[in-house]
Amino acid sequence: NQSVLEEELGVTPLDSPFAMALQISDGALVVMDSEAMTLGRAWCALENAIVSRNQLQYAIATARAPGEAVVLTLSPAPADITKAEEEVPAEVIRFSVLNQSERQDEFPSWLLTKAMETDFSKAQASKDSDKRMI
């Protein structure tokens, strides 16, 4: 609850309800807008750090066109596996990875480049106290 964030944050950002919930989750889905604004947000930087440190599943979704989502995943998504099971049951693992690759070909490369070049030390927060703590 951002309206009472100071009360809920705890001593460090890792004590916040947001961070604690993320640490016990299976992973995170980041939804990127066309300007990749989430890359410049301090709380999103914290989310990225927790996901990376805990080796959680991570996916990035964006729109390649209005109403058309494309999702980048670290491993084949359930839809990739299901498609492989239906098309080539004897080669599920290999074709799941192929399906993943084909699905992700539509992901905007500029967005990946921007993500890789992001300097999270320059990330912004709604409150200066949040930014200093994160």
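The values are calculated or read from the model by the stated rules, or taken from the named source; none is laboratory data. Given the structure is predicted, the values throughout are model-derived calculations rather than measurements. Cβ atoms come from the backbone with ideal geometry, glycine included; neighbour counts cover every protein chain shown. Surface accessibility is based on the protein's heavy atoms, side chains included, excluding ligands, DNA and RNA. Shrake-Rupley method; radii C 1.70, N 1.55, O 1.52, S 1.80 Å.
Pairs of lysines in the chain whose Cα atoms sit within less than 27 Å of one another amount to 4, provided the residues are eight or more positions apart or on different chains. Hey, any idea what % of the chain's accessible area is carbon plus sulfur with a 1.4 Å probe? In the chain, the share of accessible area belonging to carbon and sulfur is 57 percent.
Stretching L112 away from R132 to a fully extended chain increases their span by 4.5 nm, per 0.36 nm per residue minus the current alpha-carbon distance. Taking label points 7 Å from Cα along the Cα-to-Cβ direction, F120 and A63 give a separation of 2.8 nm. Mind checking the angle between helix 78-87 and the chain's longest principal axis? C-alpha axes, 0 to 90 degrees, to the nearest 10. Roughly 0 degrees, rounded to the nearest 10.
Mind pulling the angle between the C-alpha long axis of helix 92-104 and the longest principal axis of the chain? Nearest 10 degrees, somewhere in 0 to 90. Roughly 60 degrees between the two axes. Here the chain is treated with +1 on each Lys and Arg Cβ and -1 on each Asp and Glu Cβ, and its dipole about the Cα centre works out to around 380 debye. For segment 18-29, backbone phi angles converted through the Karplus equation (6.51, -1.76, 1.60; θ = phi - 60°) give residue-by-residue couplings of 4, 5, 5, 5, 5, 5, 9, 8, 7, x, 9, 10 Hz, Gly and Pro being listed as x. Look at the alpha carbon pairs under 8 Å that are at least 6 residues apart: their mean separation over the length of the chain gives a relative contact order of 25 percent. In the context of the full set of protein chains, residues of segment 28-134 present 63 Å² of accessible surface per residue (probe radius 1.4 Å, heavy atoms only).
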